[in-house]
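Structure first, then comments.
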Amino acid sequence: MPDRLAERVAVLDWNSLHQSLDEYGYAKLPALLNKTECKEIIDTYEVPDLFRSTIDMSRYRFGIGEYKYYGAPLPSLLQQLREGLYPELAITANRWRLL
């Protein structure tokens with residue numbers, strides 16, 4: 001597995017992923033983050049300054065728990081995922097828009 005996250009995203013089999021999106025509406029990715037990177041993202045949950053809002057799900061009858069929206073700027077790993085995944089996903093989205 002390549003060391004850099006951008007390289008891990010770049011070497012994905014995008015032809016197969018696009019085909020899966022077209023056929024099934026979803027595509028399963030291999031693990032892109034290692035354990036250390038996953039922990040880094042998980043640990044952000046306890047840093048309130050990183051989030052612009054927190055939603056109490058029970059208030060809206062969505063169940064029990066909460067979810068949070070990151071503020072800008074995103075944590076580095078999430079920004080790298082966004083920058084790596086979005087251009088390829090936009091190809092499918094733009095193709096679907098024309099259907």
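When you scan the stretch 38-45, do you find a residue that is within 27 Å of residue 17 (Cβ to Cβ), acidic (Asp, Glu) and surrounded by 11 or more Cβ atoms within 10 Å (Cβ to Cβ), even just one? Show your work before the answer.
Taking the stretch 38-45 and keeping what is within 27 Å of residue 17 (Cβ to Cβ), we get 38-42, 44.
Restricting the remaining residues to those that are acidic (Asp, Glu) gives 40.
After this cut, where a residue has to be surrounded by 11 or more Cβ atoms within 10 Å (Cβ to Cβ) as well, the list is 40.
Yes, the stretch 38-45 contains at least one residue that is within 27 Å of residue 17 (Cβ to Cβ), acidic (Asp, Glu) and surrounded by 11 or more Cβ atoms within 10 Å (Cβ to Cβ).
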Scanning the stretch 46-57 for residues that are free of Cβ contacts under 8 Å to residues at least 12 places away in the same chain and outside any helix (DSSP H, G or I), the one surrounded by the fewest Cβ atoms within 10 Å (Cβ to Cβ) turns out to be 47
Members of the stretch 65-85 found to be surrounded by 14 or more Cβ atoms within 10 Å (Cβ to Cβ), in contact with a Ser or Thr (Cβ under 7 Å, 6 or more places away or on another chain) and not in a loop (DSSP other than H, G, I, E, B), listed by number: 68
The conditions are (1) among the basic types (Lys, Arg); (2) surrounded by fewer than 10 Cβ atoms within 10 Å (Cβ to Cβ); (3) modelled with pLDDT under 95, and residue 35 fails exactly one of them. Which is it? (3)
Take the residues in the stretch 1-29 that are outside any helix (DSSP H, G or I) and of a type in the set (A, V, I, L, M, F, W, C), then tell me which one is surrounded by the most Cβ atoms within 10 Å (Cβ to Cβ). 27
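Results for (1) hydroxyl-bearing (Ser, Thr, Tyr); (2) assigned to a loop (DSSP other than H, G, I, E, B), shown as yes or no for each residue.
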site	(1), (2)
31	no, yes
36	yes, no
59	no, no
63	no, yes
87	no, no
Is it the case, given these coordinates, that residue 65 is on the phi > 0 side of the Ramachandran plot and either modelled with pLDDT of 95 or more or out of contact with any helix residue (DSSP H, G or I) (no Cβ under 8 Å at 6 or more places or on another chain) (or both)? no
The stretch 77-99 residues that are in contact (Cβ under 8 Å) with a residue 40 or more places away in the chain, paired with ones that are loosely packed, with under 11 Cβ neighbours inside 10 Å and in a helix (DSSP H, G or I) (beta carbon under 8 Å, 6 or more apart): none
Pick from the stretch 15-31, criterion more than 16 Å from the chain's Cα centre (by Cα) and in contact (Cβ under 8 Å) with a residue 40 or more places away in the chain, ranking: nearest to residue 82 (Cα to Cα): 18
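The values are calculated or read from the model by the stated rules, or taken from the named source; none is laboratory data. Keep in mind that this is a model prediction, so the values were computed, not measured. Glycine gets a Cβ as well: all are built from the backbone with ideal geometry, and neighbour counts include every protein chain shown.
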